[in-house]
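Colleague: Supplied in structure tokens, the structure appears directly below.
Just so you know, all these numbers are worked out from the coordinates, no wet-lab data involved. Given the structure is predicted, the values throughout are model-derived calculations rather than measurements.
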Amino acid sequence: MFLRDIGPTEVGLFGITPPDDLLVIEDVSLVRQQCTPVTTAFDDEAVADFIDEQVDLGRTPEQCCRIWLHTHPGDCPHPSGTDEATFAEAFSGPDWSVMFIIATGGRTYARLKCNVGPGCTKRLGVAVDYSTPFDESDHDLWQAQYEAAVECVDPFSNRGAGRMLSDNAWLDDEAGIRHWHQSEWVAS
């Protein structure tokens, strides 16, 4: 929820699971990425480094590379066409994978996709298990990880690549045609 609410863009993460229950997320990990209010784009080298680090920690790809989580800054958790294309393309290789979305306000969407045999998809229920022990929140650490990994860019201008969006209103350079306001793009 911290990463969902930290800024005006989507944020992508990998879910990390224990070896004995691959659908229980016990941690999440950010990798370097460029984000807009409607997309995330992972840096390929950062993903490769993440996988290497996870293998060095003794994790299998099933534990750290099969659950793709991302946030939606609006209140709708349903996957966009871009989400569907990303899930189909980037997660078509493993025998199974999960797309998980959490939207502002807390609504969620999760879907399991099996890529073996005839294949199948199944919507998954989402719950938080408060009965298991977990470390206390470390907002300063999470903020530092976010700032190191997430680059928010202007989706409407090639010149804007690399330009940061502010937490407040952002105005388009071409006469304020579009601006960011309260979790949605609106025409001026």
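Colleague: Starting from the eigenvalues of the Cα gyration tensor, five times each then square-rooted, give me the equivalent ellipsoid semi-axes of the range 1-139, largest first, whole Å.
Modeller: 20, 19, 17
Colleague: Moving on. Run the numbers for Ser131 and Val116: contour at 0.36 nm per residue of separation, minus the present Cα-Cα distance, in nm.
Modeller: That works out to 2.0 nm of additional length.
Colleague: Something else: Would you mind checking which residues have amide H under 5 Å from Asp27's amide H? H placed 1.01 Å from N; only 5 or more apart, or other chain.
Modeller: Ile16
Colleague: While we're looking at this one, here's another question. Starting from 0.36 nm per residue, how many nanometres of slack lie between Arg107 and Ser29 once their C-alpha separation is accounted for?
Modeller: Gain on extension, Arg107 to Ser29, equals 26.0 nm.
Colleague: Which whole-Hz ³J(HN,Hα) couplings does the range 132-144 yield from phi under the Karplus relation 6.51 cos²θ - 1.76 cosθ + 1.60, θ = phi - 60°, glycine and proline marked x?
Modeller: My calculation for the range 132-144 gives 8, x, 8, 5, 5, 5, 10, 4, 5, 5, 4, 4, 5 Hz in order.
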